[in-house]
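One structure is given here, and the rest of the page talks about it.
The values are calculated or read from the model by the stated rules, or taken from the named source; none is laboratory data. None of these values were measured; they are calculated from a predicted model. Note that each Cβ is placed from the backbone with ideal geometry, even for glycine, and that neighbours are counted across all protein chains shown.
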Amino acid sequence: MLSAKGLRVYLKGIEVLRGVSLQVMKGEVVCLLGRNGAGKTTTLKTVVGFYSPQEGRVELEGRDITFLPVHERARLGIGYTPEDLRVYPWLSARENILLAAKVAGRDEKEAMEIALSTFPELEKLLDRKGFYLSGGEKRMVAVARALVQRPKYLLLDELLEGLAPVVAQRLSTVVRRVAKEGVGVLAAESNAVLAKALADRVYVIERGEVIYEGSVEGALSREDVARAIGISA
Ligand SMILES: Nc1ncnc2c1ncn2[C@@H]1O[C@H](COP(=O)(O)OP(=O)(O)OP(=O)(O)O)[C@@H](O)[C@H]1O
Ligand SMILES: [Mg+2]
């Protein structure tokens with residue numbers, strides 16, 4: 001289990017997270033749902049290791065990893081696809097994936113097998129530079145790159161945001177399959193409809209606080225929660 005317990009995070013003197021707690025088990029897809037500025041990215045970055053909390057802890061299978069550096073958490077099995085993806089524009093899709101394999105000390109052949117069995121559609125795009133990939137293709141490369149490191153938990157920051165519905169659905173299907181194979185997925189989302197298709201359960205975050213935990217349907221049936229995610233109940 002990957003868990004955040006009472007995370008309080010200040011950025012430039014502002015309290016951005018006010019005691020965020022959540023848990024992700026292996027094999028499930030959990031969405032962290034909230035509006036722009038609610039604290040989703042800050043929560044993910046604190047779990048991944050880019051921010052240190054003033055209070056609270058991050059635990060991986062019961063081990064306190066709150067102050068471990070990012071690369072050590074990655075080595076322990078925390079994968080991350082940031083909001084801006086970080087697909088290198090002047091490297092090909094293949095080079096982007098192989099670079100991740102190299103950094104993680106993984107075999108190149110195995111890395112390409114993982115990438116292409118996850119997204120067979122990348123095969124014909126392998127020589128294309130990141131710059132020339134579409135938004136959906138870039139996200140596939142970014143997810144493939146995270147999977148090459150064989151994470152136990154995968155954190156996705158607004159992976160489905162702004163994609164054509166058919167592409168969003170394709171990525172959702174893949175993420176659900178990855179979870180089914182045993183990875184715990186924590187996906188930040190601002191769109192409740194996308195979250196519904198993706199998640200086994202959700203946490204709703206508002207102004208740095210988790211105000212709801214449960215099913216998407218349950219969230220929408222509560223007026224205050226629905227309002228927090230921008231849907232009128
Ligand atoms: N580096 C930073 N320094 C100061 N304040 C920040 C920083 N990053 C984020 N914030 C503030 O913290 C709050 C939460 O931001 P965060 O990026 O975590 O929200 P989010 O839920 O991911 O939003 P979005 O949907 O826009 O991605 C916002 O008010 C934001 O302005
Ligand atoms: Mg964000």
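Can you tell me which of E15, E59 is touching a Gly at 6+ places or on another chain (Cβ under 9 Å), at pLDDT 95 or above, assigned by TED's automatic domain parsing to the domain that holds I211 and acidic (D, E)?
Every option except E15 fails the conditions.
Could you tell me which residue of the stretch 183-196 is farthest from L7 (Cα to Cα), considering only residues that are more than 16 Å from ligand 2 (Cβ to nearest atom) and buried (at least 20 other Cβ atoms within 10 Å of the Cβ)?
V183
Matching residues to (1) away from ligand 1 (no atom under 16 Å from the Cβ); (2) closer than 20 Å to L220 by Cβ; (3) assigned to a loop (DSSP other than H, G, I, E, B):
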{"residue": "L163", "(1), (2), (3)": "no, no, yes"}
{"residue": "S172", "(1), (2), (3)": "yes, yes, no"}
{"residue": "V175", "(1), (2), (3)": "yes, no, no"}
{"residue": "A179", "(1), (2), (3)": "yes, no, no"}
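Being within 15 Å of ligand 1 (Cβ to nearest atom) and of a type in the set (F, W, Y) is the filter; apply it to the stretch 40-69 and report the residue that is nearest to D84 (Cα to Cα).
F50
Can you pull out every residue in the stretch 202-233 that is surrounded by fewer than 18 Cβ atoms within 10 Å (Cβ to Cβ), within 16 Å of ligand 2 (Cβ to nearest atom) and part of a helix (DSSP H, G or I)?
Once the filter is applied, which keeps residues that are surrounded by fewer than 18 Cβ atoms within 10 Å (Cβ to Cβ), within 16 Å of ligand 2 (Cβ to nearest atom) and part of a helix (DSSP H, G or I), the stretch 202-233 yields nothing.
May I ask you to list pairs of residues, at least six apart or on different chains, whose Cβ atoms are under 8 Å apart, with the first in the stretch 208-220 being closer than 12 Å to V20 by Cα and the second being at pLDDT below 90 and surrounded by 17 or more Cβ atoms within 10 Å (Cβ to Cβ)?
Taking only residues 6 or more apart or on different chains, the pairs are I211/V225; I211/A228; Y212/A219; Y212/V225; Y212/A228.
Conditions first: (1) surrounded by 14 or more Cβ atoms within 10 Å (Cβ to Cβ); (2) among the aromatic types (F, W, Y); (3) more than 10 Å from ligand 1 (Cβ to nearest atom). Y10 passes all but one, so which condition is the exception?
With (1) surrounded by 14 or more Cβ atoms within 10 Å (Cβ to Cβ); (2) among the aromatic types (F, W, Y); (3) more than 10 Å from ligand 1 (Cβ to nearest atom) applied to Y10, the lone miss is (3).
Test L147 against the criterion of being of a type in the set (A, V, I, L, M, F, W, C), touching a residue at least 40 places away in the same chain (Cβ under 8 Å) and away from ligand 1 (no atom under 16 Å from the Cβ), and give yes or no.
yes
Going through the stretch 143-173 one residue at a time, which ones are closer than 23 Å to R94 by Cα and loosely packed, with under 15 Cβ neighbours inside 10 Å?
Matches in the stretch 143-173: R150, T173.
Filter the stretch 43-81 down to the residues that are free of Cβ contacts under 8 Å to residues at least 60 places away in the same chain and within 16 Å of ligand 2 (Cβ to nearest atom) and list them by number.
K45, T46, F50, Y51
Of R94, R73, which residue is assigned to a helix (DSSP H, G or I), away from ligand 1 (no atom under 16 Å from the Cβ) and farther than 30 Å from R128 by Cα?
So the residue among R94, R73 that is assigned to a helix (DSSP H, G or I), away from ligand 1 (no atom under 16 Å from the Cβ) and farther than 30 Å from R128 by Cα is R73.
Out of all the residues in the stretch 18-29, is one or more small (G, A, S) and either in contact with an Asp or Glu (Cβ under 6 Å, 6 or more places away or on another chain) or in a helix (DSSP H, G or I) (or both)?
Here is the first cut: in the stretch 18-29, the ones small (G, A, S) are 19, 21, 27.
Going one step further and asking which of them are either in contact with an Asp or Glu (Cβ under 6 Å, 6 or more places away or on another chain) or in a helix (DSSP H, G or I) (or both), we end up with none.
No: the stretch 18-29 contains no residue that is small (G, A, S) and either in contact with an Asp or Glu (Cβ under 6 Å, 6 or more places away or on another chain) or in a helix (DSSP H, G or I) (or both).
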